[in-house]
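These notes are about the structure you will find just below.
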Amino acid sequence: MNRSATLKRFTLVIGFITISAAVSLLSPSLTAASITNNEIATYSAKYSANYNGLAIKAHHQLRQLEDGSYIETLNAKSILGKIKESAKFTIDDHQKILPYQYNYKRSLVGISRVENQVFDWPNKQLRYVKNDKVQVVTLESGALDIVTHKLQLRHDLQEGKTVLSYPVMVRDKRKQYDYEVVASEVLTTAIGLLNTTKIRRISNSNTRETVIWLATDWNFLVVQLSHTEKGDSHQLKIIQGRVNERDILPLEPIGEKKT
């Protein structure tokens, strides 16, 4: 594989950063009732991934800023370099995410790339900057960025919605991201057994598939992701995490419940 292809595949693996058990289990669940209107659960999570034997570590964090808005950040690194991604957004009165800035910075094997999106909702325009090149395109109502569409997906699953379709601004172009619920599973993770909702991104490609497991009891935080493309398969797995300042805990078998 040439250098360009290697970089492309490696970037995809980090970009996605982001086993059923027939046993009765109890969970210390974190319910939607604990979150007030116009607020979402903050979190911090560490992940590991492997790309052709190359170890990748990633840290995701969502926190609320002093003005009431939110910022989600991703920091990922390996021996080849690092990627930093962030998205700032607010929550409207209809519990919809309203992005206003997305930033991406990559430095891999000596090659740097910087991208920025600014959502100008009053003028319905998206300002996209790649290095020093600026483009302005029309912005449709309801559009999200690559980070916030995953947050909206998690929120919609928590609300019990079954239509999981999102208009996403990828660089300066609009793309539609569609998902479907595949199953409910108890997944073995580094944390322990977790109740999960397994979803799949709907794609017209026969050579590409993305499957995601989200922790049902922990505000649908991503705990595992598997991406297959042209015969290559990569996985992202959670190492540890906190949701609303609470450590994610494994399920407790009923037979072992403490009195």
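For this structure, a couple of remarks:
- Extending 7 Å from Cα along the Cβ direction at ILE111 and again at ARG174 yields two label points whose distance is 3.1 nm.
- The range 141-190: GluC sites (Glu not before Pro) in DSSP coil with no more than 12 other Cβ atoms inside 10 Å: GLU159
- Sites LYS161 and ASP120, calculated FRET efficiency, Cβ-Cβ separation with R0 25 Å, nearest 0.05: 0.35
- Residues VAL129, VAL170, VAL243, sorted so that the one with the fewest Cβ neighbours within 10 Å comes first: VAL170, VAL129, VAL243
- Ranked by how many other Cβ atoms sit within 10 Å of their own Cβ, fewest first, the residues SER44, SER205, SER165 fall in the order SER205, SER165, SER44.
- Cα-Cα separations in the range 88-138 greater than 14 Å, expressed as whole percent: 60 percent
- Euclidean distance of C-alpha centroids, the range 74-91 and the range 190-220, integer Å: 21 Å
- Applying the criteria of a DSSP loop state and at most 16 other Cβ atoms within 10 Å to the trypsin sites (Lys or Arg not before Pro) of the range 194-235 yields LYS230.
- Taking other C-beta atoms within 10 Å as the exposure proxy, ILE238, ILE91 rank ILE91, ILE238 from fewest upward.
- Given LYS84/LYS230; LYS77/LYS173; LYS82/LYS161; LYS82/LYS124; LYS46/LYS124; LYS88/LYS150, the pairs whose alpha carbons are separated by over 25 Å: LYS84/LYS230; LYS77/LYS173; LYS82/LYS161; LYS82/LYS124; LYS46/LYS124
- Shape of the range 182-259, Cα gyration tensor, a/c cut at 1.5: prolate
- Normalised Debye scattering of the range 3-251 at q = 0.08, 0.10 Å⁻¹ gives log10 I(q)/I(0) of -0.30, -0.48, counting only Cα atoms as equal scatterers and leaving out solvent.
- Debye, to nearest 20: dipole size of the range 135-247, +1 on Lys, Arg Cβ, -1 on Asp, Glu Cβ: 220 debye
Each value in this text was obtained by applying a stated rule to the coordinates, not by laboratory testing. Source: prediction; values computed, not measured. Positions of Cβ are backbone-derived with ideal geometry, glycine not excepted, and every protein chain shown enters the neighbour counts.
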